[in-house]
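K.L.:
Next up is a structure, given as structure tokens.
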Amino acid sequence: MIGKKRLLARLEKLLVGSAADHLEVAYWGNRESVTRYAANRIHQNVQSDRPQVFVRAMVGRRMGLAVTNSLSTADLLRTRESACDIARVQPDNPECPGLPRPRKYRQVEQRDEATIRATPMRRARLVKSFIEVVSKAGLSADGALSVNEIELGIVSTRGVRAHHVMSTASVSVIASGKTSSGYGHGLSYRLQDLEAEAIARRAVDRCNESADPVSVKPGSYEVILEPPALADMLGILSLQGFRSRTLADGTSFMVGRIGRKVTSDKITIQDNAFERGMLCWPFDFEGMPRRKIMLIDRGVAIGGVKQRTSESEAGDGHAPPPMWSHFGVWPWHLVVKAGRVKRDGMIAGVRRGLLVTRLHYVRNCPGSRNDTLTGLTRDGTLLIRNGEIAGGVRNLRFTDSLMRALGTTVAVSRERELVRPDAGGLGVLAPTLHLKSFRFSGNAEA
Amino acid sequence: MKHRLQECIQWLKSRGVAYGDCRYVSQEREHIHVTNRQTDNLARELDAGVGVRVLADGCWGFAATVDRSPSALIKTAAAALEIARASAITRGESVQLAEQEAYIDSYQSPCERDPFEVPLEDKQALLLGVTASLLQERRIKTAEASMSFFRTSKVFASTDGSLIDQQTIESGAGCHAVASDGRDSQTRSTGGTTRGEHATGGYEHVEALNLMARTEQIRDEAAALLKAKSCPAGKVTAILGGHVMAMQIHESCGHPSELDRVLGTEISLAGGSFLTIDQLGKRQYGSEQVNLTADATIPGGLGTFGYDDEGVPAQRVPLVERGIHVGYLTSRETARQLGQQSNGTMRADGWHNMPLIRMTNINLEPGEWELEDMVEDTSRGVFLDTISNVSIDDQRLNFQFSCECAREIKNGRLGQLYKNPLYTGITPRFWGACDAVCNRRHWKMFGVLSCGKGVPMQVMHLGHGAAPARFRDVEIGASR
């Protein structure tokens, strides 16, 4: 970490003497350590320090972007000139929102020194503890432990001055036996929050519960959908449905449904960086404060996130990294409101159904304004009979409208888990859901 | 830089590592993106650094830095060594590498016209012309066009004595149009999920794409899809267009042929593979028409290079011969487990990542059919065009792919346009029903810029050579 004072002072030097009408300089630094393990041994163990400096130059109504990962003064000046040159060669763009004026943002403390200082040996020992729990159960352990320190600093000639640093720690554990597998995971800004034993034990238990799976016929089932499964679907759906670009071009499933009931009234979904338990970026990549945006309120479609359209606007605080600006803006901090039901008791309410731990390769199905998703179950799909787990089920492909399925919500758990989705954002704070109907279209191995 | 890398290699040797390599990568990138009548992203990037990989105490360690000073490289090498030694606390069998000859060599990809020397104004003008042409149809609400260029310089040095430098230039462009009538929206594009057509080569590749000339078909088909019927469900004969074939190869042959995946080291993220090693040389992967090859030597492919990131020369190897699965994509570590030598597929996304087994150019070898004859020979079926989305299970067996559009085939002729087609299948059964592949005249190399694999996620450029092919009894329109 460079630190707020040093970093912003260094970036601000670039603001002086530029030929641009206005200039923005953003720094993104990521120190990442990842320890991957497979079949009870560490097989990949990596560390990298990756800084990037993004310079956006405004010349009239034209914006140029140049990026470098070199922090030398000469390279930074060259990058600045390149951004100005790129802006100059463009035709005027009356729709260009320009650079925003400064706004106050909330300070959030999510940097844990012990996490950042975790040595390769400490990380390896933590991984070893997962492996021991799994291997003692006679199973094979696979997964990854990732630790990051991320620093973001933004300055501009408009007066923006924003800085945030955070740590993240995430772990995945897959326990595999001869006929089944189970999954455990954890995500926090503190490594010590990841309860190694409990996460690995969860994977082991799920693997054992789903051993010797049977095939069930595709069709509509009552399901218990665990947080990782829900998070992956919401992550994909947020890119399709809650993104400014798809709302503008009419392809979002929300178009034509704003103000209407789209799910059960038990479902409330927001984008809220400041929700307790969420990993939080308090401002976006233009230094604008994150705002809480209601997406679906008690089943009613409210809208998506909005793109800033002028210098005077702050927008919703969702500007993506400059390289992705043409995709529009999308939610980064999805929060599904907790319910009142205890998770442990949810299965008891299912007479005949399935429990889905996790999904694989979730994607949209074709069709305009379509919220139909497809994907496959993995790492623990269980049959529920008369309120009890009755054994494992072979993986299934689901194909269903998520809004339709959420329309059949019976219960939402009180407990939530923070999950990093396969696509779509920094994290999803997701409960366990009990749905009356979820459609499976086929068996994975027919 | 060569000298500094060699100093780093000497330092690793002095520490008694079993193996070590240092890789300097510098990549210059340029992206231009136009939406409707405005340029909404025009960017140049420079990304450079050094990655050091060490095999010590039977385990791998990897560290990377942007600081290319001699002292920083030694510090990074020391970090990689510390990481490898820490990994050893869970050690099972020691990692061992297949023998590999050392090379001192250079490689440069062909490039007739340096895309970074082409004036930005000219490139923008072309893209703005493309979107203006697409917008001539009033129902086109969003018209996008883009170009991307990559210039990559690599220097590789290893404790085995290799010292290799490589220069590669990649170029590409594409466009897509979203038509809307207020009730429905439909998309047509030049590249579907691959967001354009990219190749190893210079600006001559972009010129050869002739984007302007193709806009009329794109916009007309996008608009026509608004009134088209949905693709009817059923089990039919399907001819898959070249782009559809490319992604079919990617998902159902390329990924399951990665030997690291087969051996279980990608289970935590992407899953395993049904192509288990006990069935190598025996498994019926597809019909006799199906010949699939990994070819890192073919001109123009995004998976074409001189040497991989372990210093192994680029190769052409069979994966499926006359329907039988006969080979994998391998590394020095995994090839040794089969008693083989590496076939050179280890590549890393940038300087900051450790190399993994990645697809090179995974190609379906051309057959003998003319496309016109194939259609004429099909009494009833559909022609599927341009993949828009893919989903496949963690063993690469059960897939469901959707396309931008389809055309009815009736009595040997292409008929009406259908919207929202999707098709599903089980990989070996699907390839087993392939009864015809088009010839070299219809064969084309497709570039993929965004193949994801690994933790941390690495995004790789690779290619697929394919021609349209015919499959019997394909489940269309229904979800599996």
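The values are calculated or read from the model by the stated rules, or taken from the named source; none is laboratory data. Because the structure is a prediction, the values reported are computed rather than measured. For neighbour counting, all protein chains shown are included, and Cβ atoms are generated from backbone atoms with ideal geometry for every residue, glycine included.
K.L.:
Go through A:GLU113, A:GLU109 for me and flag whichever is surrounded by fewer than 23 Cβ atoms within 10 Å (Cβ to Cβ) and over 28 Å from B:ARG68 (Cα atoms). Can you show your working first?
P.N.:
Working: A:GLU113 fails: over 28 Å from B:ARG68 (Cα atoms).
Selected residue: A:GLU109, the only one of A:GLU113, A:GLU109 that is surrounded by fewer than 23 Cβ atoms within 10 Å (Cβ to Cβ) and over 28 Å from B:ARG68 (Cα atoms).
K.L.:
For residues that are in a loop (DSSP other than H, G, I, E, B) and in contact with a Cys (Cβ under 9 Å, 6 or more places away or on another chain), scanning just region A:126-165, find the one that is nearest to B:ALA80 (Cα to Cα). I'd like the intermediate steps shown before the answer.
P.N.:
So the first thing to find is which residues in region A:126-165 are in a loop (DSSP other than H, G, I, E, B), and the list is A:137-139, A:157-160.
If we keep only those that are in contact with a Cys (Cβ under 9 Å, 6 or more places away or on another chain) too, we end up with A:137, A:139.
Numbers: A:ALA137: 32, A:LEU139: 30 Å.
Once the filter is applied, the top-ranked residue is A:LEU139.
K.L.:
Could you grab me the full set of residues in region B:450-480 that are surrounded by fewer than 20 Cβ atoms within 10 Å (Cβ to Cβ), more than 28 Å from A:TYR37 (Cβ to Cβ) and modelled with pLDDT of 95 or more?
P.N.:
Within region B:450-480, B:ARG472, B:ASP473 meet the criteria.
This table checks each residue for (1) farther than 27 Å from B:SER391 by Cβ; (2) of a type in the set (Asp, Glu); (3) not in a strand (DSSP E or B).
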| position | (1), (2), (3) |
| --- | --- |
| B:THR187 | no, no, no |
| B:HIS205 | yes, no, yes |
| B:ARG219 | yes, no, yes |
| B:LEU226 | no, no, yes |
| B:PRO232 | no, no, yes |
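K.L.:
Further question: Within 19 Å of A:ALA39 (Cβ to Cβ), among the charged types (D, E, K, R), in a helix (DSSP H, G or I) and under 25 Å from the mean Cα position of the chain (by Cα) - does that describe any residue in region A:108-125?
P.N.:
Looking only at region A:108-125, we keep the residues that are within 19 Å of A:ALA39 (Cβ to Cβ), and these are A:123-125.
Those still in the list that are among the charged types (D, E, K, R) too: A:123, A:125.
Filter once more, so that each one left must be in a helix (DSSP H, G or I): A:123, A:125.
In the following step, the residues that additionally are under 25 Å from the mean Cα position of the chain (by Cα) were identified as A:123.
For region A:108-125, residues within 19 Å of A:ALA39 (Cβ to Cβ), among the charged types (D, E, K, R), in a helix (DSSP H, G or I) and under 25 Å from the mean Cα position of the chain (by Cα): present.
K.L.:
Can you tell me how many residues in region B:11-39 are farther than 16 Å from B:ASN353 by Cβ, more than 13 Å from chain A (Cβ to nearest Cβ) and of a type outside the set (Gly, Ala, Ser)?
P.N.:
6
K.L.:
How many residues are farther than 9 Å from A:GLY153 by Cα and in a helix (DSSP H, G or I) if we restrict to region A:3-32?
P.N.:
8
K.L.:
If you don't mind, another one. Give just the number: which of (1) of a type outside the set (Asp, Glu); (2) more than 9 Å from chain B (Cβ to nearest Cβ); (3) in a loop (DSSP other than H, G, I, E, B) does A:MET58 not satisfy?
P.N.:
(3)
K.L.:
May I pose another question? Can you tell me which residue in region B:77-111 is nearest to the other protein chains (Cβ to nearest Cβ), limited to those that are in contact (Cβ under 8 Å) with a residue 40 or more places away in the chain and β-branched (Val, Ile, Thr)?
P.N.:
Restricting to residues being in contact (Cβ under 8 Å) with a residue 40 or more places away in the chain and β-branched (Val, Ile, Thr), the top hit is B:VAL95.
K.L.:
Only one residue in B:GLU112, B:GLU93, B:GLU99 is out of contact with any Leu (no Cβ under 9 Å at 6 or more places or on another chain), at pLDDT below 95, assigned by TED's automatic domain parsing to the domain that holds B:ASP21 and surrounded by fewer than 19 Cβ atoms within 10 Å (Cβ to Cβ). Which one? Even if it seems obvious, please write down each step before you answer.
P.N.:
Working: B:GLU112 fails: at pLDDT below 95; B:GLU99 fails: at pLDDT below 95.
Being out of contact with any Leu (no Cβ under 9 Å at 6 or more places or on another chain), at pLDDT below 95, assigned by TED's automatic domain parsing to the domain that holds B:ASP21 and surrounded by fewer than 19 Cβ atoms within 10 Å (Cβ to Cβ) holds for just one of B:GLU112, B:GLU93, B:GLU99, which is B:GLU93.
K.L.:
Mind listing whichever residues of region A:33-55 are in a strand (DSSP E or B), facing chain B (nearest Cβ under 9 Å) and among the aliphatic types (A, V, I, L, M)? Outline the logic, then answer.
P.N.:
Going residue by residue through region A:33-55, those that are in a strand (DSSP E or B) are A:33-38, A:41-55.
Subset that is facing chain B (nearest Cβ under 9 Å): A:33-38, A:41-52, A:54.
Listed by number, the residues that qualify are A:VAL34, A:ALA38, A:ILE42, A:VAL46.
K.L.:
Moving to a separate point now. Just to be sure I understand the filter: pairs with C-beta atoms under 8 Å, separated by 6 or more residues or on different chains, first member in region B:345-358 and at pLDDT 95 or above and among the hydroxyl-bearing types (Ser, Thr, Tyr), second member in a loop (DSSP other than H, G, I, E, B) and buried (at least 23 other Cβ atoms within 10 Å of the Cβ). Which pairs pass?
P.N.:
B:THR345/B:ALA296; B:THR345/B:ASP308; B:THR345/B:THR330; B:THR345/B:SER331; B:THR345/B:ARG358; B:THR345/B:MET359; B:THR345/B:THR360
K.L.:
In the list B:THR190, B:THR265, B:THR215, B:THR168, which residue meets the criterion of being among the β-branched types (Val, Ile, Thr), buried (at least 20 other Cβ atoms within 10 Å of the Cβ) and within 24 Å of B:ARG441 (Cβ to Cβ)?
P.N.:
Values: B:THR265 fails: within 24 Å of B:ARG441 (Cβ to Cβ); B:THR215 fails: within 24 Å of B:ARG441 (Cβ to Cβ); B:THR168 fails: within 24 Å of B:ARG441 (Cβ to Cβ).
After applying the criteria, what remains is B:THR190.
K.L.:
What are the residues in region A:362-387 that are within 13 Å of chain B (Cβ to nearest Cβ) and without any contact (Cβ under 8 Å) to a residue 60 or more places away in the chain, if any? Walk me through it before giving the result.
P.N.:
Keep residues of region A:362-387 that are within 13 Å of chain B (Cβ to nearest Cβ), which gives A:362-370, A:372-381.
A:CYS365, A:PRO366, A:GLY367, A:THR372 - these are the residues of region A:362-387 that are within 13 Å of chain B (Cβ to nearest Cβ) and without any contact (Cβ under 8 Å) to a residue 60 or more places away in the chain.
K.L.:
In region A:205-232, how many residues are buried (at least 23 other Cβ atoms within 10 Å of the Cβ) and closer than 20 Å to A:ILE384 by Cβ?
P.N.:
Kept after step one, since they are buried (at least 23 other Cβ atoms within 10 Å of the Cβ), are these residues of region A:205-232: A:206-207, A:210, A:221, A:223-232.
Subset that is closer than 20 Å to A:ILE384 by Cβ: A:206-207, A:210, A:221, A:223-230.
Looking only at that region, the number is 12.
K.L.:
So is B:LEU42 more than 8 Å from every other protein chain (Cβ to nearest Cβ) and either among the basic types (Lys, Arg) or crowded, with 20+ Cβ neighbours inside 10 Å (or both) or not?
P.N.:
Numbers: more than 8 Å from every other protein chain (Cβ to nearest Cβ): no; either among the basic types (Lys, Arg) or crowded, with 20+ Cβ neighbours inside 10 Å (or both): yes.
Against the criterion (more than 8 Å from every other protein chain (Cβ to nearest Cβ) and either among the basic types (Lys, Arg) or crowded, with 20+ Cβ neighbours inside 10 Å (or both)), B:LEU42 does not qualify.
K.L.:
Can you tell me which residues in region A:325-341 are at pLDDT 90 or above and within 14 Å of another protein chain (Cβ to nearest Cβ)?
P.N.:
Across region A:325-341, the qualifying residue is only A:VAL329.
K.L.:
Is it fair to say B:ASP308 is of a type in the set (Asp, Glu) and touching a residue at least 60 places away in the same chain (Cβ under 8 Å)? Walk me through it before giving the result.
P.N.:
Details: of a type in the set (Asp, Glu): yes; touching a residue at least 60 places away in the same chain (Cβ under 8 Å): no.
No, not satisfied.
K.L.:
Would you check if A:ALA175 is in contact with a helix residue (DSSP H, G or I) (Cβ under 9 Å, 6 or more places away or on another chain) and aliphatic (A, V, I, L, M)?
P.N.:
On the way: in contact with a helix residue (DSSP H, G or I) (Cβ under 9 Å, 6 or more places away or on another chain): yes; aliphatic (A, V, I, L, M): yes.
So A:ALA175 passes the test.
K.L.:
Quick one: what pairs do we get from region A:431-446, first residue in a strand (DSSP E or B), second among the aromatic types (Phe, Trp, Tyr) and modelled with pLDDT of 95 or more, C-beta under 7 Å, 6+ apart or different chains?
P.N.:
From residues that are in a strand (DSSP E or B), the pairs are A:PHE438/A:TYR221; A:PHE438/A:PHE398; A:ARG439/A:PHE398; A:PHE440/A:TYR221; A:PHE440/A:PHE398; A:SER441/A:PHE398.
K.L.:
If I ask for residues that are within 14 Å of another protein chain (Cβ to nearest Cβ) and without any contact (Cβ under 8 Å) to a residue 12 or more places away in the chain, which ones from region B:366-423 would you list?
P.N.:
B:SER391
K.L.:
Does B:GLN136 satisfy the condition of being assigned to a loop (DSSP other than H, G, I, E, B), in the same structural domain as B:SER26 (by TED's automatic domain parsing), buried (at least 19 other Cβ atoms within 10 Å of the Cβ) and of a type in the set (S, T, N, Q)?
P.N.:
Criteria not met by B:GLN136.
K.L.:
Cβ-Cβ under 6 Å, sequence separation 6+ or interchain: first residue in region B:455-468 and farther than 14 Å from B:ILE362 by Cα, partner assigned to a strand (DSSP E or B) and among the hydrophobic types (A, V, I, L, M, F, W, C). Which pairs?
P.N.:
B:VAL455/A:VAL34; B:VAL455/A:ALA144; B:PRO456/A:VAL34; B:PRO468/B:ILE239; B:PRO468/B:CYS438
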